[in-house]
Every structure is written in C-alpha cells, then in structure tokens.
Amino acid sequence: MNSLKEYIKGTGWAKLIAVMNIVGGALSIPIGILAIIAGIKLWSTANNLENYKNTEKEEDLKEALKNLSDYFTWLGWANVVGLVILALVLIAILVLMIVGIGISSMSGLE
C-alpha cells in the first residue's frame, strides 16, 4: 500500500474545483444544488486522500474512492439537468420565433 502514496497528487486542485463547484452551484439553481453536493463530495475526497497519505489507513482510501464515485454521480446528474434545461430553453426560443414570425406575417396581410 505504501506505493499508492506517490500517486496521490493534486488534492489542492481538487479542493479548488470543489470550491468552484460550490460557488457556481450557489449561483445557478436548480443545477446548483447538485453542483454544491458534488463539490462537497470532491472536497471530502481530497481530505480523505490527504489523510491516507499521512496515516496510510486503508479506510481513508476506501472513503476517498467512495466520495469520488459520489462526486462523479452528482456531477453527472447536474450535467444531465443542465442539458435538459438547455434543450427546453432552445425549444422555447424556437417556438417564440415561430409564433413571432406567424404574427408578423399575419399583420402584413391587413
């Protein structure tokens, strides 16, 4: 297990991304709730990896991998929700454009 410690790098970057997820999530509801949870999971992952690096307790490594898996799950759902919202907005814009073209062409008939 000692050889795994050399692969644990970038926990500072993970925490920066976690903070960005949390702050970005706070600014954009409903995707934000999912992003905040994802950010918290990533922060926990970084903490668990740092703990494992210092203590070499296998439980810390297991918890880090569980949190990392949860992070990707929450972030995946945030992306799915974001894509659905984007699709709905694009459909609404398209419908409004069609309605607007129809109204303008009807007003030209008078």
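The table below lists the values:
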read-out	value
Summed residue charge, Cβ within 14 Å of GLY76's Cβ, Lys/Arg positive, Asp/Glu negative	0
Two-site FRET efficiency, GLU58 against GLU6, from Cβ-Cβ distance with R₀ of 22 Å, rounded to 0.05	0.85
Prolate/oblate/rounded label for the range 2-81 (Cα gyration tensor, a/c 1.5)	prolate
Residue order, fewest to most surrounding Cβ atoms within 10 angstrom, among THR55, THR73	THR55, THR73
Approximate spin-label separation MET97-THR73, in nm, with each point projected 7 Å along Cα-to-Cβ	3.9
Fully extended contour minus Cα-Cα distance, from VAL81 to ALA26, at 0.36 nm per residue	18.3 nm
Helical contribution to [θ] at 222 nm, DSSP H n ≥ 4, -39,500 (n - 2.57), averaged over the chain, rounded to 500	-30500 deg cm²/dmol
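Readers should treat all values here as calculations from the given coordinates under stated rules, not as data from a laboratory. Note that the coordinates shown come from a computational prediction; the quantities given were computed from them, not determined experimentally. FYI the Cβ positions are ideal-geometry reconstructions off the backbone, even for glycines, and counts take in every protein chain you see.
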